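Reviewing the structure listed below.
Rule-based calculations on the coordinates, nothing more; no lab input. This is a predicted model, so every value here is computed, not measured. Virtual Cβ from ideal backbone geometry, glycine too; neighbours counted across all protein chains shown.
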Amino acid sequence: MVDTHVLLSAALSPAGASAILLAWLLIHARLVFSNTTFTELQTRIFKPKFDRYLSLETRKRILHDVNAAALWVEVSTHLATQRYSRDPDDDAFIHAAIAADACAIISGDSDLLVLDPIAALRILTPRVALDAV
């Protein structure tokens with residue numbers, strides 16, 4: 001499971017750790033999305049602050065590519081009510097990771113990183129995850 005921040009970092013810095021890790025994940029693993037996590041990516045990638053860095057076509061291609069490569073999960077109503085993070089928006093990533101039986105969430109978000117681990121689910125920075133692969 002890769003959070004929105006990491007996906008945007010990969011798009012903005014193609015030589016950075018997030019981009020290198022994402023390339024590895026696309027070959028050796030699958031990205032995980034729920035409707036909520038994909039909607040967050042869609043909403044954020046089209047923010048005007050990215051206009052000077054990513055063309056409209058590039059943003060559409062990114063959404064198409066990650067959508068096509070993703071494992072889509074449905075989060076049960078029961079799971080969706082579970083709270084883990086001090087930022088409720090981050091719970092959507094935990095819910096999707098649990099629903100997918102993922103082993104890790106890759107994130108740069110301190111609200112998620114402080115939770116490492118949640119049961120068997122690790123929460124790793126892109127650098128730590130990249131060093132592990």
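Key figures for this structure:
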item: Percentage relative contact order, the stretch 4-132, counting C-alpha pairs under 8 Å, at least six apart; result: 26 percent
item: The stretch 28-47 versus the stretch 95-133: alpha-carbon centroid distance in Å; result: 16 Å
item: Filtered GluC sites (Glu not before Pro), the stretch 1-76: DSSP coil and at most 15 other beta carbons within 10 Å; result: Glu74
item: DSSP beta bridges in the chain [antiparallel fraction, %, rounded to 5]; result: 10 percent
item: Within the stretch 1-60, trypsin sites (Lys or Arg not before Pro) in DSSP loop having at most 12 other beta-carbon neighbours inside 10 Å; result: Arg52
item: Per residue Cα convex hull volume in Å³ - calculated over the chain; result: 103 Å³
item: Once exposed loop chymotrypsin sites (Phe, Trp or Tyr not before Pro) are cut out (DSSP; at most 16 other Cβ, 10 Å), longest piece of the chain; result: 54-133
item: Where a label projected 7 Å from the Cα of Thr39 along Cα→Cβ would reach, residues of the stretch 57-71 with amide N under 16 Å; result: none
item: Theoretical FRET efficiency, 1/(1+(r/R0)^6), r = Cβ-Cβ of Lys60 and Asp87, R0 30 Å, to 0.05; result: 0.60
item: Once the Cα gyration tensor of the stretch 73-133 is diagonalised, semi-axes √(5λ) in Å; result: 20, 13, 9
